[in-house]
1. Assign unit charges at the C-beta atoms only (+1 for Lys and Arg, -1 for Asp and Glu), then state the dipole size of segment 4-60 relative to its Cα centre in Debye, rounded to the nearest 20.
2. Specify which labelled value, from (1) 77; (2) 65; (3) 43, agrees with percent of Cα pairs over 18 Å apart derived from the coordinates of the model shown.
3. How large is ³J(HN,Hα) for each residue in segment 54-68, as worked out from phi by the Karplus curve 6.51 cos²θ - 1.76 cosθ + 1.60 (θ = phi - 60°), to whole Hz, x for Gly and Pro?
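Laboratory data are not the source of any read-out in this text; all were calculated from the coordinates shown. Just so it is clear, the structure is predicted and the values come from calculations on it, not from any experiment. A quick note on method: Cβ atoms are made from the backbone with ideal geometry, for glycine too, and the neighbour counts reach across all protein chains shown.
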Amino acid sequence: MTISARYARDINFVDDVLGGDAAEFDAGVVERAERLARDRRLRAILEAKSERRRADERRKPLAAYRAEELASMSRNFFGPNPAYHDVRRRFVRKSVIAERQKAIVEPR
């Protein structure tokens, strides 16, 4: 399922959206980077972030997430359920679009 950047922000999937086009995005990134670089709390912000990352790693190492993701991918690729391959084939061949176009053109 595809969602817009603004919708992703609205549902808190992302923190924020920068600009409406590439130039506005670039300007927003530069502005935020400069603001962060001037922030006197930067060192404390980075140290707190580093400590949160270490705590996360102690709770569940990144390697565990990777292993779970690889196991899930293996089930998709090699498991008995053909759904993944069917969806991938339709995506690669754009057959969903072709099926919709055919339904529009052909009378029922």
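1. Numbers: 15 positive and 13 negative charges, 122 e Å.
For segment 4-60, the charge dipole is close to 580 debye.
2. Among (1) 77; (2) 65; (3) 43, the one derived from this structure is (1).
3. With coefficients 6.51, -1.76 and 1.60, one gets 5, 5, 4, 5, 5, 5, 7, x, 4, 4, 5, 4, 4, 4, 5 Hz.
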